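Engineer: Sharing a structure with you now.
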Amino acid sequence: MPYIEKKVEKLYYSIGEVAEMFQVNTSLIRFWEKEFDVIKPKKNKKGNRFFTKDDIDNFHLIFHLVKEKGMTLAGAKKKIKENKEDTNNNFEVIKSLEEIKKLLLDIKENL
């Protein structure tokens, strides 16, 4: 289940758009919203959820910890609560290294 990077151009994203970005069901998005207090979507009068870029970044971090690193939800909550800044920095470094690796593999393929 790879994360599909999408350019963030809008202020708010629907739950369907967020689920599509991460290739997961909307029920998982709702579940993570309840489990992690760092995700606070805005809701309209109908109760529809609208997620900001910060919410998407937090989902990305949670997705990395739970789906890619294999952490439990309790472990991911603890890691985010105790040192979110370090966790975020480590995640950004990993993301950059993966992009560099992809670029180098593309260059190798074209040679």
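The values are calculated or read from the model by the stated rules, or taken from the named source; none is laboratory data. Everything numeric in this text was worked out from a predicted model, so none of it was measured. Please note: Cβ atoms are built from the backbone with ideal geometry, for glycine as well, and neighbour counts cover all protein chains shown.
Engineer: Return the residues of the range 33-56 that are surrounded by fewer than 16 Cβ atoms within 10 Å (Cβ to Cβ), closer than 24 Å to GLU92 by Cβ and in contact (Cβ under 8 Å) with a residue 12 or more places away in the chain; say none if nothing qualifies. Give the derivation first.
Structural biologist: So the first thing to find is which residues in the range 33-56 are surrounded by fewer than 16 Cβ atoms within 10 Å (Cβ to Cβ), and the list is 34-35, 37, 40, 42-48, 53-54.
Filter once more, so that each one left must be closer than 24 Å to GLU92 by Cβ: 35, 37, 40, 53-54.
Hits for the range 33-56 are GLU35, LYS40, LYS53.
Engineer: While we're here: Check off (1) at pLDDT below 90; (2) surrounded by 13 or more Cβ atoms within 10 Å (Cβ to Cβ); (3) among the basic types (Lys, Arg) for ARG30 and give me the number that stays unchecked.
Structural biologist: The one condition ARG30 does not meet is (1).
Engineer: From the list PHE51, PHE22, which one is modelled with pLDDT of 90 or more, under 14 Å from the mean Cα position of the chain (by Cα) and aromatic (Phe, Trp, Tyr)?
Structural biologist: Numbers: PHE22 fails: modelled with pLDDT of 90 or more.
It is PHE51.
Engineer: Search the range 69-94 for residues being without any contact (Cβ under 8 Å) to a residue 12 or more places away in the chain and surrounded by 13 or more Cβ atoms within 10 Å (Cβ to Cβ), and hand back the single one that is farthest from the chain's Cα centre (by Cα).
Structural biologist: Result: GLY75.
Engineer: Same structure, new question: Sort out which residues of the range 31-90 are outside any helix (DSSP H, G or I), closer than 23 Å to SER14 by Cα and aliphatic (A, V, I, L, M), and write them in order of number.
Structural biologist: In the first step, residues of the range 31-90 are kept if they are outside any helix (DSSP H, G or I); the result is 36-52, 69-72.
In the following step, the residues that additionally are closer than 23 Å to SER14 by Cα were identified as 36-52.
If the condition is that a residue be outside any helix (DSSP H, G or I), closer than 23 Å to SER14 by Cα and aliphatic (A, V, I, L, M), then VAL38, ILE39 are the ones that fit.
Engineer: Right, next: Take the range 17-34 and flag every residue that is closer than 18 Å to GLU68 by Cα and charged (D, E, K, R).
Structural biologist: GLU20 - this is the single residue of the range 17-34 that is closer than 18 Å to GLU68 by Cα and charged (D, E, K, R).
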